[in-house]
Amino acid sequence: MVEKSVQEINIKIEDGSVNVVTAEEMVGIVEELGAEGAAKEVDVVTTGTFGAMCSSGLMLNLGHSEPPIKIQKLWFNDVEAYSGVAAVDAYLGAAQNSDVRGIQYGGAHVIEDLLRGKEINVHATSYGTDCYPRKVLDTSITLEDLNEAFLLNPRNAYQKYAAATNSSKRILHTYMGELLPQFGNVTYSGAGVLSPLSNDPEYQTIGLGTRIFMGGAQGYVIGNGTQHSPNNGFGTLMLRGNLKDMSPDYVRAASFTGYGATLYMGIGIPIPILNEKLAASTAVRDSDLVTEILDYGAGSRDKPLVREVNYAELRSGSVEIQGREVLTSSMSSFKNARKISNELKDWVKHGKFLLSMPVERLARDSKVKPMKQTQAVPLVKDVMSDFIVTIKKTQTVRDAAKKIWENSFNHVAVISDAGELVGLVTAWDVSKAVAENRFDSVESIMTKKVLSCAPNEPVDLAARRLDRYGVSAMPVVDTQMRVLGIITSDNISKLMARRY
Amino acid sequence: MKIKIIIPTERIHNPIIAESMVETKVLLNIMVANIDSTYGELIADVNDHQFNRIKKALESKGAVVVVLGQPITRDEEECVECGACISVCPMKVYSFDENWSLCVDEQKCIQCGMCIKMCPHGALKLGE
């Protein structure tokens, strides 16, 4: 039974006798010595992660101007910051895009530019008060000119993250990168074996007040992050650190095509090995960390599960989906995660970093709720016509004309003998065939590449698809491609007419 | 080797790629082709020792032929070596070595541009 305290470990750090290893090295040590042996031997295990953390931002104070201003609206290099706090305090969110340059440049880029010593243009407006008479302010500042510049990141260092893929027929531009059509690739994020929270999944040593490596400086955990979900292993952290002490090596702006700006943060957390339980948990391997591959093709909050996967598989370069090898891309940098765990190890070893115990532990039993929405989103099945005219592909153009005429319906779904949707014939297709004197099977005149949608899709997604492809109707099908109904631009106009 | 063939507007209606291949019996493996009624640009693979022959034939028919010496450039300062580019590249230009450093095999690149859109750090660009 090993029992150590953080105070004892800190004394060892100060006198230089501390034994510190990275979470990668710990795997082999526990394999060799067992948890108890490793707990006796090792005092601190360092972790690291380096990836996109959108939920980050800068809390700053500009100092007072002459005459003073109570800022209501504020921009840094045309990126809007929130200034609904005291006169010259503001919060610049990393994922806020520029009003002028769009998603190429955002709050994250302002933060990196500040860190690199660049001048930033400031534009502020107000309504003027007796104590703050000024209404407009234009100036330029550098990081040095700010009184305080703290990164206050509401959600960083996800314990693990779901991987992404795309079953749809077009490229998706997401915060998980470019997802190629028809399961063309898988992207993932997280440092696996080095992931801070995955090395202390009971949150024994990580909580409010834990001193950490943050962006190359010493920062702190200030509680659990937003959307903290420990029940299923998706814990998150809220962090604070002084930007003025950080390094652009570990705080990097990025922009995802079609999505927007985000900040790559480098975070490292030291885990004191107080007992054998912590020794065992810091020996976690990539193959122990299971996450999910989700299908982003649906465009809905509830992304369908494609399969479960562990980080060893993801990091191997390819995973199997439906019997096919699909290449994987990491969106976070393992090389930098390792660099961070080594740098933190160096700090501890050379007495430059002392550990702290949390004054409050992270919540271990909370769950993320979906948004409460007071206006129900209508689904395709709520507005579709469940009456649909179908025709077998072997029937003739004359049969199709007759069906259109008899049912006064513009669209006829073409089905196979098994009842699966194989095409669509419109009154226009029939007229064209007649004009060209073609009266053979509908198969020869139908549109073969038919867009379709699912009954549980929100109507606005279906409407967006109709608009994107410039078509007036889509058959609604179940998972076996059996036709359940049809949604037309008419159905959508009726929905709008009913609402307004 | 990878080459770029540019077909100017005044030659776009002539089958100059086919003519050049038939005439020289040099095979071009066309990897990317962007051709419309006004302009054409192709990336093709050709045997090193046959390059001069096909180049002469193409140029005699009005095409412009450029060797893709450095088809893609990586800004090592901007790149964080995440590896986002790896899975979108159809030619397997990108890979990790055993230290999780990013390796770029430029010779395989066909300038499709997928990796450029994928890179969150804007570290990749076509050409030099």
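The values are calculated or read from the model by the stated rules, or taken from the named source; none is laboratory data. Predicted, not measured: the structure shown is a model, and the values here were computed from it. Glycine also receives a Cβ, built like all others from the backbone with ideal geometry; neighbour counts cover every protein chain displayed.
Data for the structure
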| quantity | calculated |
| --- | --- |
| Which listed residue, of A:E178, A:E202, is in the same structural domain as A:K303 (by TED's automatic domain parsing) and farther than 27 Å from B:G83 by Cα | A:E202 |
| Inter-residue pairs, beta-carbon under 9 Å, first touching a residue at least 12 places away in the same chain (Cβ under 8 Å) and not assigned by TED's automatic domain parsing to the domain that holds A:R301 and in the stretch A:449-463, second of a type in the set (S, T, N, Q) and surrounded by fewer than 17 Cβ atoms within 10 Å (Cβ to Cβ), 6+ apart | A:A454/A:T479; A:N456/A:S300; A:E457/A:S300; A:P458/A:S300; A:L461/A:S300; A:A463/A:S489 |
| Matching residues in the stretch A:174-192 - criterion: being part of a strand (DSSP E or B) and either more than 9 Å from every other protein chain (Cβ to nearest Cβ) or under 13 Å from A:A298 (Cα atoms) (or both) | A:T174, A:L179, A:Y188 |
| Those residues of the stretch A:408-432 which are among the small types (G, A, S) and either under 17 Å from A:V471 (Cα atoms) or not assigned by TED's automatic domain parsing to the domain that holds A:I445 (or both), in sequence order | A:A413, A:G423, A:A427 |
| Enumeration of residues in the stretch A:305-317 that are part of a strand (DSSP E or B) and either among the charged types (D, E, K, R) or surrounded by fewer than 16 Cβ atoms within 10 Å (Cβ to Cβ) (or both) | A:L305, A:R307, A:E308 |
| Test: residue in the stretch A:350-360 that is among the polar types (S, T, N, Q), assigned by TED's automatic domain parsing to the domain that holds A:V21, under 21 Å from A:M26 (Cβ atoms) and assigned to a loop (DSSP other than H, G, I, E, B) | yes |
| Answer residue from the stretch A:318-334, given it is touching a residue at least 60 places away in the same chain (Cβ under 8 Å) and not in a strand (DSSP E or B) and is farthest from the other protein chains (Cβ to nearest Cβ) among those | A:Q322 |
| Top-ranked residue in the stretch A:335-344 [being over 18 Å from A:S287 (Cα atoms) and more than 8 Å from chain B (Cβ to nearest Cβ); ranked as surrounded by the most Cβ atoms within 10 Å (Cβ to Cβ)] | A:I340 |
| Failed criterion for A:V434 (all others in (1) among the β-branched types (V, I, T); (2) farther than 30 Å from A:L208 by Cβ; (3) within 41 Å of the chain's Cα centre (by Cα) hold) | (3) |
| The stretch A:254-286, residues that are out of contact with any Lys or Arg (no Cβ under 8 Å at 6 or more places or on another chain), among the hydroxyl-bearing types (S, T, Y) and in a strand (DSSP E or B) | A:S255, A:T262 |
| Residue identified as in contact with a Gly (Cβ under 6 Å, 6 or more places away or on another chain) and either surrounded by fewer than 19 Cβ atoms within 10 Å (Cβ to Cβ) or modelled with pLDDT of 90 or more (or both) among A:L424, A:L451, A:L461 | A:L461 |
| Test for A:D429: is it surrounded by 13 or more Cβ atoms within 10 Å (Cβ to Cβ), of a type in the set (D, E, K, R) and at negative phi | yes |
| Test result for A:D302, surrounded by fewer than 22 Cβ atoms within 10 Å (Cβ to Cβ) and more than 13 Å from chain B (Cβ to nearest Cβ) | yes |
| Residue list for the stretch A:382-411, restricted to those being charged (D, E, K, R) and within 18 Å of A:S441 (Cα to Cα) | A:K392, A:K393, A:R398, A:D399, A:K402, A:K403 |
